[in-house]
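The values are calculated or read from the model by the stated rules, or taken from the named source; none is laboratory data. Just so you know, these numbers come straight off a predicted model, no measurement behind them. Cβ placement follows ideal geometry from the backbone for every residue including glycine, while neighbour counts extend to all protein chains displayed.
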Amino acid sequence: MFGKILIANRGEIACRIIRTCRAHGIRTVAVYAEADRAARHVALADEAVCIGPPPARESYLAIDRILAACRSTGAEAVHPGYGFLSENPEFVEALEAAGIVFIGPPAAAVRAMGDKLVSKRIAREAGVSTVPGVEEPLEELEAALLAAETIGYPVMIKAAAGGGGKGMRVARDAAELREGFARARSEAESAFGDGRLFLERFIDRPRHIEIQILADSHGTVVHLGERECSIQRRHQKVIEEAPSPFLDAKTRAAMGEQAVALARAVGYRSAGTVEFIVDSERNFYFLEMNTRLQVEHPVTELVTGRDLVWDMIRIAAGEPLGLRQEEVRLCGWAVEARIYAEDPARGFLPASGRLVRYREPEGEGLRVDSGVVEGDEIPIHYDPMIAKLIAHGRDRGEAVARLADALDRYVIRGPGHNVSFLRAVVGHPRFKAGDLATDFIPAVFGERFQGAELAPRRRLELAACAALMRYRLARRELAISGRIPGLKLEPEREWVVDLAGERFPIVIREDGEPAAVEVEGAALAISLAWRPGSLLASVRSEREVFHFQVDPVPEGFLLRHGGAELEALVRSRRAAAFAARMPAREPPRRSRHLTAPMPGVVLQVTVAPGDPVKAGQPLVVLEAMKMENVLRAEQDGVVEEVRVAPRTTVNADQVLITFA
């Protein structure tokens, strides 16, 4: 077994690998770019080596610098995690030439499965079902247009060397193909250094289901069941679960057999994942093979009881897997939500900034894989994922309920994040019913998340809690203020709560355990665990226990629960009567500026001064956090001034274009 392993990665996956190594007495070496000098994975490792400046191509993607770190520390093996160099065959070969073990598959398997066209041919020859599409890379747009006519719209544009949703676009007609082809090629060249594209038929409303495999160097290849990964935005997974609520035993066995056959066909070794798309009739088609550990591997670990990182290390050390297919058992259900620094209200644009407050939820059946602590900075240079929250239960209902409650308790303040959005997803009736497809997010929430709708009963309970919190603040203020001897002051008991435009007259009859509250004449018993200044509140109502988050705002609170963010203005009845007579505020006029939603690099500007623009028209392409983001006009207008040019680095909120 290895005595020292270098981890060629960062963030939560580096921390995850360190935990397994530490559990088995293996020393670890972290590598870091200058932007990650104070990162958590650096602090957790036994040793750490700086490998260059923040841009990944000069640090985490620099093979020579990783090799130098191995030599200087005496690391015997390298675990690549996922992303960066994890699927780079040249990296595998360079390590082997240096006498260092790569904890992953052979270079030949990485190379074969890393090329989507080659992998599709190998899969077909191995008897794996494949999606109709072109067999060769498409160099020119005209060739793509001709191929799309043959295949039939809609088509999926895909990067031949791609993965992780990068270099992918759906085109439903020739116009979308023209725009998507250029964007996909540029993104693929930036992410993989390979701009080759190909087309496949787009299976409408498919499910994305993948099979986890393990293969050792002694001829054993097994699969560990499937993961459902259909909840995606911009072709990137957001929520995953194991097993799938859609597969039956027959389909699961057939998919597993094909995944194992493909692994054998390429001489695979280590952990890997064979991804399929599945239609409504349970017909399945090979999508790609990921020759690495997947982001979503924790759900498989929780339902199988295995440590996939440890399996990878043991296999790389030449040990037999020691597992037969008939010994694989699935126990319970697991669901994972990816916590991202992004703005769902602005089309899921990535965000950055300091984690001013950060508190991970705890509880039975919960696991959090993270690489951050409170005070850390989310940099602009890398993927914006903060953490992964995973819930395990006896069945799907229990796992989903635990995940939903944990999301209500996940406290993040600082950069924008997707916690409320994730909570809205897992609380949606379609998700609870297991009615999933890769178009779930746009079909249910559209392109921009505007918040979830809460049931009337829950809104009433939140209004009562807001009044009770205001009552307790008033009582606290009286307790600590100056007193006139003999004068007994009592806090106001009658309040009016304006909860996102809905008014609730509320009377606090008694603040005990539970508190007796009267809402619109109806009695309500509520046990509220909250102290002034706390960001988290726990409520036991007459029906259940639930949690919500609290932030102070003028005259009240901002409440977060169930995917909704509601402003609760709490006033005395007299103050509410005066407020009702105040004139309504005029909505702010739309800005005459297009600003950068996040720091990044301008790749393209499509307009010039004097050009007329229409709402929705692309104006600027901005690269940030490994993704290309198209900034569009929000309304019709005329360009007055263009203040940036291609290759310009911009800051968040910087003005890019002004309109007349």
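On the given criteria, is Ser534 surrounded by fewer than 17 Cβ atoms within 10 Å (Cβ to Cβ) and closer than 28 Å to Gly414 by Cβ?
Taking the combined requirement at face value, the residue satisfies it.
Take the residues in the range 366-389 that are among the aliphatic types (A, V, I, L, M) and under 17 Å from Phe84 (Cβ atoms), then tell me which one is modelled with the lowest pLDDT.
Ile380
Look through Ile203, Ile211 and report the one residue that is β-branched (Val, Ile, Thr), buried (at least 24 other Cβ atoms within 10 Å of the Cβ) and outside any helix (DSSP H, G or I).
Only one candidate qualifies: Ile211.
Among the helices (runs of 4 or more DSSP H) lying completely within the range 230-324, list those that include at least 2 residues that are free of Cβ contacts under 8 Å to residues at least 60 places away in the same chain and small (Gly, Ala, Ser).
249-265
Might you let me know whether the range 391-398 holds any residue that is in contact with a Phe, Trp or Tyr (Cβ under 7 Å, 6 or more places away or on another chain), under 26 Å from Ala43 (Cβ atoms), among the charged types (D, E, K, R) and surrounded by fewer than 22 Cβ atoms within 10 Å (Cβ to Cβ)?
Taking every residue of the range 391-398 in turn, none turns out to be in contact with a Phe, Trp or Tyr (Cβ under 7 Å, 6 or more places away or on another chain), under 26 Å from Ala43 (Cβ atoms), among the charged types (D, E, K, R) and surrounded by fewer than 22 Cβ atoms within 10 Å (Cβ to Cβ).
What's the total number of residues in the range 16-34 that are touching a strand residue (DSSP E or B) at 6+ places or on another chain (Cβ under 8 Å) and more than 16 Å from Ile103 (Cβ to Cβ)?
3
When you go through (1) modelled with pLDDT under 90; (2) under 27 Å from Pro361 (Cβ atoms); (3) surrounded by 15 or more Cβ atoms within 10 Å (Cβ to Cβ) one by one for Pro491, which number turns out not to apply?
(2)
With small (Gly, Ala, Ser) and surrounded by 20 or more Cβ atoms within 10 Å (Cβ to Cβ) as the only criterion, which of Ala174, Ala182, Ala144 stands out? Talk me through it step by step, then tell me what you get.
Working: Ala174 fails: surrounded by 20 or more Cβ atoms within 10 Å (Cβ to Cβ); Ala182 fails: surrounded by 20 or more Cβ atoms within 10 Å (Cβ to Cβ).
Exactly one residue qualifies, and that residue is Ala144.
If you scan the range 252-270, which residues turn out to be more than 18 Å from Arg111 (Cβ to Cβ) and either among the β-branched types (Val, Ile, Thr) or surrounded by 24 or more Cβ atoms within 10 Å (Cβ to Cβ) (or both)? It would help to see each step written out before you state the result.
Going residue by residue through the range 252-270, those that are more than 18 Å from Arg111 (Cβ to Cβ) are 252-261.
Correct list: Met255, Ala259, Val260.
Among residues belonging to the range 291-308 that are under 18 Å from the mean Cα position of the chain (by Cα) and surrounded by 22 or more Cβ atoms within 10 Å (Cβ to Cβ), point out the one that is nearest to Lys250 (Cα to Cα). Walk me through how you get there before you give the answer.
Initial filter on the range 291-308 (under 18 Å from the mean Cα position of the chain (by Cα)): 293-300.
Narrowing further to those that are surrounded by 22 or more Cβ atoms within 10 Å (Cβ to Cβ): 293, 295-300.
Numbers: Leu293: 26, Val295: 27, Glu296: 24, His297: 23, Pro298: 24, Val299: 21, Thr300: 19 Å.
Of everything passing the filter in the range 291-308, Thr300 is nearest to Lys250 (Cα to Cα).
Does Ala75 satisfy being out of contact with any His (no Cβ under 7 Å at 6 or more places or on another chain), in a helix (DSSP H, G or I), among the small types (Gly, Ala, Ser) and not assigned by TED's automatic domain parsing to the domain that holds Arg292?
no
Need the failing condition index for Arg540 against (1) more than 16 Å from Leu460 (Cα to Cα); (2) without any contact (Cβ under 8 Å) to a residue 60 or more places away in the chain; (3) surrounded by 11 or more Cβ atoms within 10 Å (Cβ to Cβ), just the number.
In the conditions (1) more than 16 Å from Leu460 (Cα to Cα); (2) without any contact (Cβ under 8 Å) to a residue 60 or more places away in the chain; (3) surrounded by 11 or more Cβ atoms within 10 Å (Cβ to Cβ), Arg540 misses (1) alone.
Of these, Ile26, Ile66, Ile5, which one is over 21 Å from Glu377 (Cβ atoms), surrounded by fewer than 23 Cβ atoms within 10 Å (Cβ to Cβ) and touching a residue at least 40 places away in the same chain (Cβ under 8 Å)? Spell out how you get there, then give the answer.
Numbers: Ile66 fails: surrounded by fewer than 23 Cβ atoms within 10 Å (Cβ to Cβ); Ile5 fails: surrounded by fewer than 23 Cβ atoms within 10 Å (Cβ to Cβ).
Just one listed residue meets the conditions, Ile26.
May I ask you to say which residue of Val553, Val570, Val545 is of a type in the set (Val, Ile, Thr) and in contact (Cβ under 8 Å) with a residue 40 or more places away in the chain?
Val570
Is it true that Arg476 is assigned to a helix (DSSP H, G or I), buried (at least 18 other Cβ atoms within 10 Å of the Cβ) and of a type in the set (Lys, Arg)?
So Arg476 does not fit the description; no.
Considering only helices (runs of 4 or more DSSP H) fully contained in the range 111-199, which possess at least 3 residues that are without any contact (Cβ under 8 Å) to a residue 24 or more places away in the chain and not β-branched (Val, Ile, Thr)? Give the steps one after another, and end with the answer.
Numbers: elements: 116-125, 141-151, 174-192.
So the answer is 141-151, 174-192.
I'm trying to understand the selection: among the residues of the range 45-60, which are on the phi < 0 side of the Ramachandran plot and surrounded by fewer than 19 Cβ atoms within 10 Å (Cβ to Cβ)?
Passing the criteria: Asp46, Glu47, Cys50, Pro53, Pro54, Pro55, Arg57, Glu58.
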